[in-house]
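First comes the structure, then the notes that go with it.
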Amino acid sequence: MMSDVVVRQGVQNDLSTCAQIINDWIDATHWMPRIAPAQEIAANFEPSLLEKRYFLVAEIEGKVAGYLSADAQESHIHGFYVADGFRNCGAGTALMDETKKTFPQGLQLWTHQPNTGAQKFYERHGFQEVRRTSGDNPENLPDILYRWKSNWKPVDMSA
């Protein structure tokens, strides 16, 4: 059994691990094209990222299990990834819960339409689909804009 999830501010020593998490996800996801070499993605995880973005990591048993990166000005989540060996252990939920506390006014994010697992996660966490595109992104994949507002309540369709 895994120990508790610890969520904390990301620090410089976390950046290479976070870059590896996203690169591993790209390599393991059959529908996701690699539009940038792994080294280029890793180069984006430079120390200034911690100054420009809201950046959290989740740790399980002392290891970085995932991260969430958001633009504080726009309340927009730009990166949210959990390492393969730590999925379904609470790391994603812990990161999202902490982020919602920080942004009670609401959050938004994009996810690719083929990423059905992410869509289910966001909907479970109260995000609502706002619109879809046919691929207006660097990967040219259809995507979905989701928004979360703290006062939004899902409609009970079973009644």
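All of the numbers you see were taken from the coordinates with simple rules; none came from a lab. Values in this document were obtained by computation on a predicted structure and should not be read as measured data. Neighbour counts are summed over all protein chains in view; Cβ atoms, including those assigned to glycine, are modelled from backbone coordinates with ideal geometry.
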Inset, instruction - May I ask you to derive the relative contact order of the chain, considering only C-alpha pairs under 8 Å and at least 6 residues apart, and to give it as an integer percent? - result: 19
Inset, instruction - Go ahead and collect, in residue order, the members of the range 69-111 whose backbone nitrogen is under 16 Å from a label point 7 Å along the Cα-Cβ direction of residue 124. - result: 81-98
Inset, instruction - Grab the Cα-Cα distance for residue 145 and residue 6, subtract it from 0.36 nm times how many residues apart they are, and report the gain in nm with one decimal. - result: 47.2 nm
Legend entry - Point-charge dipole on Cβ atoms (K/R +1, D/E -1) for the chain, about Cα centre, debye to 20: 500
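Please find the FRET efficiency linking residue 43 to residue 73, where r is the Cβ-Cβ separation and R0 is fixed at 30 Å, and quote it to the nearest 0.05. Walk me through the intermediate numbers first.
Values: r = 23 Å, r/R0 = 0.78.
After rounding, the FRET efficiency stands at 0.80.
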Legend entry - Debye log10 I(q)/I(0) for the chain, one point scatterer per Cα, at q = 0.13, 0.17, 0.18 Å⁻¹: -0.63, -1.10, -1.24
Inset, instruction - Give the residue from 60, 109, 79 lying farthest towards the positive end of the charge dipole for the range 5-148; charges sit on Cβ (+1 for Lys and Arg, -1 for Asp and Glu) and the dipole is referred to the Cα centre. - result: 109
